[in-house]
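Undergrad: Before we start, here is the structure in question, set down as structure tokens.
Coordinate-derived values only; no laboratory data. The model shown is predicted, which means the values in this text are computed figures rather than measured ones. Virtual Cβ from ideal backbone geometry, glycine too; neighbours counted across all protein chains shown.
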Amino acid sequence: MTDRYESPFSQRWASEEMLGIFSDDTKFRTWRKLWIALAKGEKALGLNITDEQIAELEANRDDINYADAAEREKAIRHDVMAHVYAYGLQCPNAKGIIHLGATSCYVCDNTDIILVREALLLVKKKLLAVISNLADFAQRYKALPTLGFTHFQPAQLTTVGKRATLWLADFIKDVSEIDYRLSCLKLRGAKGTTGSQASFLELFDGDGKKVAALDADIARAFGFAGTEAVTGQTYSRKIDAQIAATLAGVAASASKFATDMRLLQSMKELEEPFEKSQVGSSAMPYKRNPMRSERVCSLARYVTVTSQNAFQTASVQWLERTLDDSANRRVIIPELFLAVDAILEICANVSGGIVVYDKVIRAHIDNELPFMASENIMMNAVKAGGDRQVLHEKIRECAMEAGKRVKEQGLDNDLLSRIEADPAFGLDREAIDSLMDPSLYIGRCVEQVEEMLENEVKPVLADFDTKGLHLSGLKV
């Protein structure tokens, strides 16, 4: 539609998989699955519910009569009861036992946890795709020297592949965090209006063991290890805050990766994929802007800021609950996941197609390496009979003059020529040039990459299955 607002996440950025998880169809079908699980559990524990009623509920589980629910909601202003009513129209024999003993949060909160689990699994899968891409990249370029930067000032050399392991390390931490959150997820279960389970205790004539068994039955029906031990009317909104923090962590890792790509693209050392017909600027046809990495940073900012919303909501839930969480959560839970999904779609695209300009990288090294090699030059001159203290001062003076030439006059770095011309060093050009191999200054970068890939990445990717993963790539 063009005459009303639609979220850019659905129009442009998020994947069909994530949009499907938070669709109305998935939500309301899950409500009905929960009502069926409740009826089955209650029947198994002795309530007067028939197989025919359950069969009727199951037969109409996926055919949501939205129009009936919408019409009813207009009249009663309650979405859960509107859907109870609509389901009952389709299941006249079972309508009397739908939602038996439950409160709205039975379907709403349990559905949220179920959808969050599915969404976290999808986020993990896409994270693993990014990790797989970066692992291949790190392996390919593990030995290619490049300038390291601290404070965004040239520092000791590293390698292109070693730098990629810094991005990998962050993303691997995110996978670990997601695994932990998944391991902690429990359903709210059948807890009743204030979490006391009083309505279910009444249904089962005071038999608390049956109430506990019903909770366990519902958890098993949806593949959870159990339900929350205690709740108010809702599960603790602390859980939402923890999930939001986990997503913010993914966003922060992605933003670090994307920011580094933006810096390196500005230096013309690396470049994100750029299609043949892609337009970089409406005014400057020659430009190749890092628009994908910029979008990652933009969406990541949205996620990290929005995650704080969940903590605010958790902190103001009065006593057993207050409804000021509802409208808020209805927006931020899906949107946080949709934003992270979009971020990882882009990261997968970028990490799978990074272009490396090795000659530019080498030129930047050549401009700075004479300064960085000065200690090795000094040590070799000392071995040839020179005085370390004298040579240290001479190199300092030569470096200052060479630096002034580069910065003030825009000329090449002539430090090596100055050293060659000073007899105090006793080194000819061949001896000096032998110290200018960048691979002499990368320390254990190659070994570090290999160790990282073997010990950290390989175990994470061991069970990675690309089947069923449909990275849609960039939407225009």
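Undergrad: Using alpha-carbon positions, what is the distance between the centroids of region 283-354 and region 50-122, in Å?
TA: What the calculation gives is 30 Å, centre to centre.
Undergrad: Assuming R0 = 56 Å, what is the FRET efficiency of ALA59 and ASN367, from their Cβ-Cβ distance, to the nearest 0.05?
TA: Working from the Cβ atoms, E equals 0.15.
Undergrad: Assign one of three labels to region 358-404, namely rounded, prolate or oblate, based on the Cα gyration tensor with a ≥ b ≥ c the square roots of its eigenvalues; rounded applies when a/c is under 1.5, prolate when it is not and a/b is larger than b/c, and oblate otherwise.
TA: Because a/c hits 1.5 or more and a/b fails to exceed b/c, region 358-404 counts as oblate.
Undergrad: Among ASN65, VAL116, SER374, whose Cα lies farthest out toward the positive end of the dipole of the chain, if unit charges sit on the beta carbon of Lys, Arg (+1) and Asp, Glu (-1)?
TA: It is ASN65, whose Cα lies furthest towards the positive end.
Undergrad: Now, a different point. Arranged from highest to lowest average of other beta-carbon atoms within 10 Å per residue, in what order do the peptides 456-462, 203-209, 376-382 appear?
TA: So the peptides 456-462, 203-209, 376-382, ranked by packing, come out 376-382, 456-462, 203-209.
Undergrad: Mind pulling the per residue volume of the convex hull built on the Cα atoms of region 1-77? Å³ is fine.
TA: That works out to 142 Å³ per residue.
Undergrad: What Kirkwood Rh does region 105-186 have if only Cα atoms enter the pairwise 1/r average? Answer in Å.
TA: Over region 105-186, the inverse of the mean reciprocal pair distance is 15.0 Å.
Undergrad: Let me ask something else about it. Please compute one quarter of the surface area of the Cα convex hull for region 374-435 and express it in square nanometres.
TA: Reported value for the Cα convex hull: 3.8 nm².
Undergrad: Sticking with this one: Select from LEU247, ALA258, GLN153 the residue farthest towards the positive end of the dipole of region 137-290; place +1 on Cβ of Lys and Arg, -1 on Cβ of Asp and Glu, and compute about the Cα centre.
TA: Value: GLN153.
Undergrad: If you count, for each residue, the other Cβ atoms within 10 Å and average over each peptide, how do 429-437, 57-65 line up from highest to lowest?
TA: Order by mean packing, descending: 57-65, 429-437.
Undergrad: Can you tell me the order of 146-152, 183-189 when each peptide is scored by its average per-residue count of other Cβ atoms within 10 angstrom, highest first?
TA: 183-189, 146-152
Undergrad: Distance from the Cα centre of region 143-161 to that of region 417-455, in angstrom?
TA: One Cα centre to the other: 13 Å.
Undergrad: When the Cα centres of region 355-377 and region 191-253 are compared, how far apart do they sit, in Å?
TA: 59
Undergrad: Moving on. Could you grab the relative contact order for region 374-435? Cα pairs under 8 Å, six or more apart, rounded to a whole percent.
TA: 36
Undergrad: Moving to a separate point now. Sorted from largest down, give the three principal axis spans of the alpha carbons of the chain, whole angstrom values.
TA: 103, 51, 41
Undergrad: How big is the C-alpha Rg of region 310-423 next to the rule-of-thumb value 2.2 N^0.38 Å, as a ratio?
TA: Ratio of Cα Rg to 2.2 N^0.38 Å: 2.19.
Undergrad: What relative contact order, as a whole-number percentage, does the chain give when Cα pairs under 8 Å and 6 or more residues apart are counted?
TA: Relative CO of the chain lands at 19 percent.
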